[in-house]
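Notes follow once the structure below has been shown.
Bear in mind that the values in this text are calculations on the coordinates, not laboratory data. Keep in mind that what you see is a predicted model, and the values were worked out from it rather than measured. Don't worry about glycine lacking a Cβ; one is built from the backbone with ideal geometry, like all the others, and counts go over all protein chains shown.
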Amino acid sequence: MASTTHDAGHGAADAAHGAVDAAAHGSSGMPQLDFSTYGNQIFWLLVTLVVIYLILSRVALPRIAAILNERQGTITNDLAAAEDLKAKAVEAENAYNKALADARAEAQRIAAETRAEIQAEVDEAIAKADEEISAKAADSEKAIAEIRAGALESVKIVASDTASALVAALGGKDDADAVASAVAKRTEG
Amino acid sequence: MGKLFFYVALALVLVSGVLFAPEHAGLAIHPMDQFGVESLFGGDHIAWYTPTNVTLWMLLAVVAIIAVLVLGSSNRGIVPSRAQSVAELAYGFIYKMVEDVTGKDAVKFFPYIMTLFMFIVTANFLGLIPMSFTTTSHFAVTAVLAVLVFVTVTITGFVLHGAKFLGLFWVSSAPLALRPILAIIELISYFVRPVSHCIRLAGNVMAGHAVLKVFAGFAGALGAGAFLPIFAITAVYALEVLVAFIQAYVFTILTCVYLKDALHPSH
């Protein structure tokens, strides 16, 4: 402010200023040491400080403190909510894992069951086949036995006939019973 | 750093006084004129109630403080606006300082300390506006601030601890023979505190502003060579921005340290 006065109207302002300075504090050059203005500065400073103090202590500081508290509360709440959600997520994961394990167990059970069923069917089929095979084998054996018996009978008959013919040819007496028993005796052995 | 500048400024004032005496009309540098207290509405006589440039710039400081701390926080946003961030930073900064330096039981002094800090820091920064008036460059202002702190500390100390507050001067950890001497030293340092407290602030602010003005005068006188002083002005101005905050911080933290003596004299 003072400098503007100076730059603007140099001569007059300077002279006036110098006069005031000289009158006030003997032109020391430092307005800070001009004690005539101290009362004015101190008065306005005290007014300013009281005004600032009242504004700060009544309005600004409680409001800012409330804002900071509110924010702290919000953050705490959000953290708690996040913790909750995290717990829920863990729970969901556990449930998922359990469901997965259950499903796996179920699948294994079904597979085992199916395998058992198939095994049972296969066993049954094998048993049936075995039965059939053994039945067929028995039949075959019977047929073979029959055939063998038939063959033996035929051998006996052929042998008796041959023996009879030989006996007859050799001039012996054709005794059917003796030939039969002799043939039987020879074929037995 | 501040002291150095103070001396540099004084030296420059003296040199400029010799070199650019009023006879050289073209080169008149008046670095101290910016600190003159003048009536706002004319008239040479300045009574205690006269509205002066002191009144104006203190009023502007109040307006600035209201703008940042009151209007800035009026939205009460959970996510703060810029002004609200500044208000919250200032609040947190001083609150933490009071808690850390002085102690948790000093929180009742927080509005008072916040008042001091906000006034000083605002006045310092307003003073950096070209052509403005810096209220904190006056010893009358800083002395009142310092004396207020001194009185507060002394009264608080005696109210809380009675005669035990005098134990502050009786260094019980020192040998008995030394204690009276230490007591005298402690007593002197206690009473010197407000002096250094007020000179430090006003001296730093005044020195920086005077230096700026001197360089500005050189710039006006040098013509084409003015880039040198202008560069210097830029550098000093940057330093002054730093000083404006640091001095407010120093004043405030010293207030906290002094208050700690009043609240816990044994430490």
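A few points about this structure:
- Mean projected area (nm²) of the alpha-carbon convex hull when region A:26-89 is viewed from all directions: 7.2 nm²
- Calculated log₁₀ intensity ratio I(q)/I(0) where the Debye formula runs over C-alpha points of chain B, q = 0.13, 0.15, 0.17 Å⁻¹: -0.98, -1.16, -1.31
- Neighbour net charge for B:PHE35 - beta-carbon separation under 11 angstrom, K R +1, D E -1: -2
- For chain B, the residue among B:ALA11, B:GLY77, B:PHE117 whose Cα projects farthest onto the positive side of the dipole built from Cβ charges is B:GLY77.
- The alpha carbon gyration tensor of region B:82-221 gives principal lengths a ≥ b ≥ c with a/c of 1.5 or higher and a/b no greater than b/c, which makes the shape oblate.
- Given +1 at the Cβ of Lys and Arg, -1 at the Cβ of Asp and Glu and no other charges, the dipole of region B:51-263 around its Cα centre is 140 debye to the nearest 20.
- Size of the protein assembly as shown from its Cα atoms: along the principal axes, largest to smallest, the extents are 199, 68, 46 Å.
- Average partner coverage of A:157-167, which counts Cβ from other chains inside 10 Å: 0
- Degrees, to the nearest 10: B:139-161 long Cα axis against longest axis of chain B: 0 degrees
- Over the protein assembly as shown, DSSP H runs of length four or greater, each weighted -39,500 (n - 2.57), average out per residue to a 222 nm ellipticity of -26000 deg cm²/dmol.
- Axis angle, to the nearest 10 degrees, between helix B:2-19 and the longest C-alpha principal axis of chain B: 30 degrees.
- With 18 Å as the limit on Cα-Cα distance, the pairs of B:LYS96/B:LYS260; A:LYS136/A:LYS156; A:LYS142/A:LYS185 that go past it are A:LYS136/A:LYS156; A:LYS142/A:LYS185.
- Using Cβ point charges alone (K and R +1, D and E -1), the dipole size of region A:61-189 about the Cα centre works out to roughly 500 debye.
- Calculated SAXS-style log₁₀ I(q)/I(0) at q = 0.17, 0.21 Å⁻¹ - region A:34-149, Debye, Cα scatterers: -1.01, -1.11
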